[in-house]
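Working notes, structure below.
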Amino acid sequence: MTAPPDDCLARNEWICGEYLSTRRDILLDAVGQHLQLTALSVLIGLALAVPLAVLARRWGWAAGPVLAVTTILYTIPSLAMFSLLLPVYGLSEALVVAGLVLYSLTLLVRNILAGLRAVPEETRQAARGMGYGPIRLLLTVELPLALPAAMAGLRIATVSAVSLATVGAIVGFGGLGNLIYSGMNTFFKAQVLTASVLCVVIAVAADLLLLGVQWLITPWTRAARA
């Protein structure tokens, strides 16, 4: 009888400390790429969503088309989205970032617009009576009051980006998704489980971080609850 292998890698176990110690650099590189894809896509999406939401709020007729277009983009399956963007960006990290940006727009635009619409009209009138112009009104009154709704959308968009970034493995830029994809092809149990757990950890950590930021920058919501 052949003796069983004496290490978890040779036995191909799901939980294997040896995998963590021998593949540390690979895991760190994958985590770094995953964080980069997520952060870039969410920041670019936020930079596009804020002006779109403001325009939709200022000109009511624009709200329907803006929400319709962003919602249609969100319904496109991820594989189809990357395929449609392939002629423009090629097999590159920019392809994955562009896809994630388009997916984030629905969540961000909808929530920012909801926050702006929730600002009481009497608050706007009071600010105008104090001499606030449109830009000052937007920056110092409307956007701050819209923060709770906007942060809710940002949290959802960030967690979604962490999840969808794994699909980038089909073009070789999926962060931890690369490890999950290759591990599934070779049935490397420890790699699949470790990369999957790290994705969950990143998503939960990002959500908690943004929740903490929201708590810090919206003190008036704490006072209202108290």
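Students often get this wrong: which residues of region 137-178 have the backbone nitrogen under 20 Å from the point 7 angstrom along Cα-to-C-beta of Ala94? 165, 168-175, by backbone N distance to the label point.
In order along region 24-40, phi translates into HN-Hα couplings of 4, 5, 4, 5, 5, 4, 5, 4, x, 5, 5, 5, 5, 4, 5, 5, 4 Hz, rounded to whole numbers, per the Karplus curve 6.51 cos²θ - 1.76 cosθ + 1.60 with θ = phi - 60° and x for Gly and Pro.
Per-residue SASA remark: Asp7, around 60 Å² accessible (1.4 Å probe; ligands, DNA and RNA not included). Listed as lacking a disulfide-compatible partner in the chain: Cys199, by the criterion of no other cysteine Cβ under 4.7 Å.
Remark: relative contact order (the chain) = 26 percent; criterion is Cα-Cα distance under 8 angstrom and separation of 6 or more residues.
Taking every alpha-carbon pair within region 87-226, the share separated by more than 27 Å comes to 41 percent.
Given R0 = 22 Å, the distance between the Cβ atoms of Thr221 and Thr140 translates into a calculated FRET efficiency of 0.80.
In deg cm²/dmol, rounded to 500, what helix-only [θ] at 222 nm does the chain give when every DSSP H run of at least 4 residues adds -39500 (n - 2.57) and the total is split over its residues? Intermediate results must be reported in sequence, preceding the final value.
Numbers: 12 runs with 180 residues, N = 226.
Mean residue ellipticity, 222 nm, calculated: -26000 deg cm²/dmol.
Under a Gaussian network description of the chain, with springs only between Cα atoms under 10 Å, the residue in Met151, Met184, Met81 that fluctuates furthest is Met184.
The values are calculated or read from the model by the stated rules, or taken from the named source; none is laboratory data. Because the structure is predicted, anything quoted here is derived from the model rather than measured. When we count neighbours, we look across all protein chains shown, and the Cβ atoms used for this are built from the backbone with ideal geometry, even at glycine. Heavy atoms of the whole protein, side chains included, go into the accessibility calculation; ligands, DNA and RNA do not. Shrake-Rupley method; radii C 1.70, N 1.55, O 1.52, S 1.80 Å.
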